[in-house]
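The next block holds one structure in the form of structure tokens; read it before the comments.
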Amino acid sequence: MRPNVHTLVFLYSGHHDRNGFKVGMNEYVSLQHINRKIQECTHIKIVIAFMDCCQPERIRVNEEQRLIQLSATVSTDSAISLRNEGSPFTKLLVQAFTMKASGGTCALPNCECRIDGPFITIDSLSHYLEIHRQNGLLRDMEPEKSLIKITWQNECLAYNYSYKVAFRFDIVLPQPFTSKRHRFEVLATTVNDFDALIQKILFPRFAGRRRCTVDLI
Ligand SMILES: [Zn+2]
């Protein structure tokens, strides 16, 4: 890891049991291993961790490091992940960090949640999680917060961007179709994965206009 990096963001969303975090078919990484690696990185001053798994344990940092950890549930409980929908905790985190910026709406119909101000703080994120715990979006999970050496002065997690986030694509057709450039803008909220972006968003818009088939690279 680069020595000039002082903030480490750790996010895990997946299976976890007594063997550790499941990272492959029969492959596990223990939290002890991760703790050791983090503690060895003496240039890391703050660890921001999101632990979305069953029986999430608390990360152990060294004496110089600070920790902000938000877990999907308490360490004795199981996290919930819905088939074909993924994890409600991770989805809510993504929503919190991007909704305002992306101009989107809450996954919960009629919910008018928002985080105001230029920063997302531990308090505002905790409040955001709590609202959605109460209205059922997190199912029965009770998110848990662990803080080490954190005060009001260093509790900012991220900028709360207030502008629209969109990807702009310039599509150039190979000869002999046309040399004209086609520009499309796609809102970040509409993109879930790269294949869907190509096949379901970009290609139909393009093919609908030009009535021809082309590979987008
Ligand atoms: Zn909401």
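The values are calculated or read from the model by the stated rules, or taken from the named source; none is laboratory data. Nothing here was measured: the structure is a model prediction, and the numbers come from that model. Heads up, the Cβs are rebuilt from the backbone with ideal geometry, glycines too, and the neighbour counts pull from every protein chain shown.
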In segment 4-35, residue nearest to Asp77 (Cα to Cα) [restricted to those that are of a type in the set (A, V, I, L, M, F, W, C) and in contact (Cβ under 8 Å) with a residue 40 or more places away in the chain]: Leu11
Test: residue in segment 42-55 that is among the charged types (D, E, K, R), buried (at least 16 other Cβ atoms within 10 Å of the Cβ) and in contact (Cβ under 8 Å) with a residue 60 or more places away in the chain: no
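Go through segment 46-60 residue by residue and tally those that are of a type in the set (A, V, I, L, M, F, W, C) and part of a strand (DSSP E or B).
The initial filter retains those residues of segment 46-60 that are of a type in the set (A, V, I, L, M, F, W, C), namely 46-51, 53-54, 59.
Adding the requirement that they be part of a strand (DSSP E or B) leaves 46-51.
Result for segment 46-60: 6.
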Residue in segment 132-150 that is within 16 Å of the ligand (Cβ to nearest atom), of a type outside the set (Lys, Arg), assigned by TED's automatic domain parsing to the domain that holds Ala49 and not in a loop (DSSP other than H, G, I, E, B) present: yes
Checking Glu63 against (1) within 14 Å of the ligand (Cβ to nearest atom); (2) in a loop (DSSP other than H, G, I, E, B); (3) without any contact (Cβ under 8 Å) to a residue 12 or more places away in the chain; (4) under 28 Å from Trp152 (Cα atoms), the condition it does not meet: (1)
Odd one out for Asp77 among (1) of a type outside the set (A, V, I, L, M, F, W, C); (2) over 16 Å from the mean Cα position of the chain (by Cα); (3) at pLDDT 90 or above: (3)
Residue check for Thr189: closer than 30 Å to Cys53 by Cα and in the same structural domain as Gln65 (by TED's automatic domain parsing): no
Looking only at segment 115-131, and only at residues there that are within 11 Å of the ligand (Cβ to nearest atom) and in contact (Cβ under 8 Å) with a residue 40 or more places away in the chain, the one that is surrounded by the fewest Cβ atoms within 10 Å (Cβ to Cβ): Ile115
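Which ones in segment 1-36 are assigned to a helix (DSSP H, G or I) and either over 22 Å from the mean Cα position of the chain (by Cα) or of a type in the set (Val, Ile, Thr) (or both)?
Within segment 1-36, Gln32, His33, Ile34, Arg36 meet the criteria.
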Given (1) of a type outside the set (Ser, Thr, Tyr); (2) surrounded by 15 or more Cβ atoms within 10 Å (Cβ to Cβ); (3) within 19 Å of Leu147 (Cα to Cα), number of the condition Phe21 does not satisfy: (3)
Residue within segment 92-114 that is under 17 Å from the mean Cα position of the chain (by Cα), surrounded by fewer than 17 Cβ atoms within 10 Å (Cβ to Cβ), farther than 28 Å from Val23 by Cα and more than 16 Å from the ligand (Cβ to nearest atom) present: no
